[in-house]
Structure formats: structure tokens, C-alpha cells
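Shown next, in C-alpha cells, is the structure this report addresses.
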Amino acid sequence: MNAERQRPQDEAATELTRRAPVDLPPPEGEEERFLRPFAVDAGVLAPRPGGPVEQLEMLSRVVAARTPGRNEWLRPERETILTHAQRAGTVVELAAELGLPLGQVRAIAAEMLAEGSLQRCGPTRSLGHSDILHAVLVGLRSL
Amino acid sequence: MASADSDTQPTEAIPHAVKIIVAGGFGAGKTTLVSSVSEIAPLSTEELMTEASYGVDDLGGVEEKTTTTVALDFGRITIGTDIVLYLFGTPGQDRFWFMWEELAAGALGAVVLADTRRLDTCFHAVDFFERKGVPFIVAVNRFEGSTEYSAEEVREALDVPEGVPVVAADARDRKSSKEVLVELVTHVLRSRQAAMSG
């Protein structure tokens, strides 16, 4: 590994930056969006003893099964999701409303489903694919 | 866990969430079309992807990764109390194929927006939907100063089969965009009926 000699201090410097406290005022712009998600879903995707975490589609609908608890401030994204999901909503809309990347919201929501803080909710009225297509056609025509 | 799937008894009716994809090259008018028919200002989220970078500095096995964000814009049309239709614009760059896969899954169908000044930019979209078996139509978006081509000329250039509608559109115009969607859903229904009877 001849690379060893090429990076005397750079790596140490990178390491220090990463370990910097996270309670600094969040920077506006790219840096925050790039760094934050890794902190947000830390551990979420780790293998679980109970089997793989449920896969959520972007249009899967979830609803909060409880109100935010007292200890929720430790995990602000969860608190925000619980607050927003008091009304059933799709994962993709949740991500857009929270301003978080879809992948992160999906991962956190899957974890919250597994622990029972969120619940999936299916359509109230079951419709077949043809019924949906016909209804969409009628709906679009009347726009 | 099984309990996570158990039904809740919400007070409001929960509609079906269905989607239509609006694809096409960069600048073909995807977001414009979504905006013109959506009942809300298009929402935007992003997906992060991490890619290994092949920089000039070889760090000898040190993984250098960069994170790129892919914007995902979508609009919404409420179809009665039972259905909400979402319109997703595809990310413009070809290298974000992984997003297309997910967008295509379960989609009712797709609109390929073609810009005749740069027709090649929508070839990928046509290839993709053909390969995935996603029903689609081609909408030729009108741009100021672009040459008018007939639907047949566009069909021939894109090499799409006779059964796939090729229509003219003005993505800025709500009525025109709405007609494009009507055309798509009509096509999807027609294809299904043909498949069932055949």
C-alpha cells in the first residue's frame, strides 16, 4: 500500500471533523443534507433478530399509533414523524413535508412500524385494478 | 411484526394511492406537465445515492465515496374519496435508473414526453417501459420554434408499435395535460381488454 505515505494528516483531519459535536447550528445548504442522513438512520438498517424490516413502498400509507412521548426529543425525526402522521399519509408525502430524503424516512418509518409506533393503513374500500382505472378515467375527464 | 400490520379504525376514509409516471429527457417538460394538472404545487423529496468516485488521486484502496441527491418531484390529483392519483416525474439523468425501477413498480402507466428538438433524450424511457411491460403513450410536447412533426413521423423515429398512442401536447396547458392523462388511461384500459379477450 504505497498510499500510506501519501496521506499523512489528511485522514486524521477527516476523522476529527466527523467527530465534531452535532449540536452546532445546522449549516444551510448541501453540507447538512449530505451529512445528516447518516446520523439519522444509524443502526436502523442493521439486521434485526426478528427478521428483516418491512419494506415500505413510497406510496405506502402510515398513521401514528401513539402521540410523541416524553423521551422523543432524543430522536427528533421520530417525533416529527409521529406528529405529522397523526393523519394517515404516504411515505413519500411525509418525506416531502419533513424535508428529509425518502430513503431515510422509509428506513425510520419501517423501524417505527416494527416497534408499533406507526401502523400501516390500507384503503378503506377495496377496489380492483379495473375499477381503479375506470374511476381514474372518469375523475380525470371531469377535471 | 404482525401487530404492525393490524388494521386501524381511522375516522376518515383511506383512499387507494395510485401513480402515473411522467418520463422524458431533461427539459422535456415533465415538471411543467405535473404542475399544470396537479391540485397542489408539486412536492419534492430527494433520494440519496452513494457512488464510488473514480478520482485522479489513487488512495490505494481507500474508498472514496460521494453522495449525490436525486430530486423526485410529484403532484397529486384526488379522484373522489376512494382514489388519490400521484404523478411522478422521473429524474432526468439516466444514471438514476434505480429510481425508475421503483417508480415503475405498480404504476398504472407512463407518459413519455418527447421533445422533437432532442428526440433521442426520450429513447431510454421508451426502452425502459417496453422492457418492463409498463403501458405508456408518447406525448410530443410543443416548444416555441420547434418544427412540427406529425405523430407518424415521431412514431417512426421512436419505433413504437401501432397500438401505442402518440399525441401532441402542451405541457403548460392544464387542459392539454389532462387530455394526455385521459389518453393514457384509455390506452391502459384498452390494452387490458385486448389482453383479456385475446
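The values are calculated or read from the model by the stated rules, or taken from the named source; none is laboratory data. Source: prediction; values computed, not measured. So basically every Cβ, Gly included, is an ideal-geometry build from the backbone, and we count neighbours across all protein chains shown. Areas reflect the complete protein model, heavy atoms only, side chains present, ligands, DNA and RNA absent. Shrake-Rupley method; radii C 1.70, N 1.55, O 1.52, S 1.80 Å.
Of all the numbered requirements in (1) part of a helix (DSSP H, G or I); (2) facing chain B (nearest Cβ under 8 Å), residue A:87 misses one, and that requirement is (1). Here A:126, A:117 are screened, and the one residue that is farther than 19 Å from residue B:86 by Cα and among the hydroxyl-bearing types (Ser, Thr, Tyr) is A:117. Assess whether residue B:147 counts as being at pLDDT below 90 and among the β-branched types (Val, Ile, Thr). So residue B:147 fits the description; yes. Test residue A:67 against the stated conditions and say whether it is more than 7 Å from every other protein chain (Cβ to nearest Cβ) and in a helix (DSSP H, G or I). It is false that residue A:67 is more than 7 Å from every other protein chain (Cβ to nearest Cβ) and in a helix (DSSP H, G or I).
When the residues of the range B:42-77 are filtered to those that are closer than 21 Å to residue A:60 by Cα and open to solvent by 40 Å² or more (accessible area, probe 1.4 Å), the one that is modelled with the highest pLDDT is B:76.
Quick one: count up the residues across the range B:148-192 that are in a loop (DSSP other than H, G, I, E, B) and open to solvent by less than 90 Å² (accessible area, probe 1.4 Å).
Kept after step one, since they are in a loop (DSSP other than H, G, I, E, B), are these residues of the range B:148-192: B:148-150, B:159-165, B:170-173.
This time we only want the ones that are open to solvent by less than 90 Å² (accessible area, probe 1.4 Å), so: B:150, B:160-161, B:163-165, B:170-171, B:173.
Total satisfying the criteria: 9.
Of the candidates B:138, B:111, the single residue that is aliphatic (A, V, I, L, M) and within 14 Å of chain A (Cβ to nearest Cβ) is B:111. Restricting A:105, A:53 to those that are in contact with a helix residue (DSSP H, G or I) (Cβ under 9 Å, 6 or more places away or on another chain), at pLDDT 55 or above, part of a loop (DSSP other than H, G, I, E, B) and open to solvent by less than 60 Å² (accessible area, probe 1.4 Å) reduces the list to A:53.
Looking only at the range A:34-45, decide whether some residue is modelled with pLDDT of 90 or more and either open to solvent by 40 Å² or more (accessible area, probe 1.4 Å) or part of a helix (DSSP H, G or I) (or both). Taking every residue of the range A:34-45 in turn, none turns out to be modelled with pLDDT of 90 or more and either open to solvent by 40 Å² or more (accessible area, probe 1.4 Å) or part of a helix (DSSP H, G or I) (or both). Looking across A:115, A:111, A:93, A:97, one residue alone is touching a helix residue (DSSP H, G or I) at 6+ places or on another chain (Cβ under 7 Å), charged (D, E, K, R) and either on the phi < 0 side of the Ramachandran plot or facing chain B (nearest Cβ under 7 Å) (or both). It is A:97.
So is residue A:72 within 24 Å of residue B:42 (Cβ to Cβ) and surrounded by 13 or more Cβ atoms within 10 Å (Cβ to Cβ) or not? Walk me through it before giving the result.
Working: within 24 Å of residue B:42 (Cβ to Cβ): no; surrounded by 13 or more Cβ atoms within 10 Å (Cβ to Cβ): yes.
No, not satisfied.
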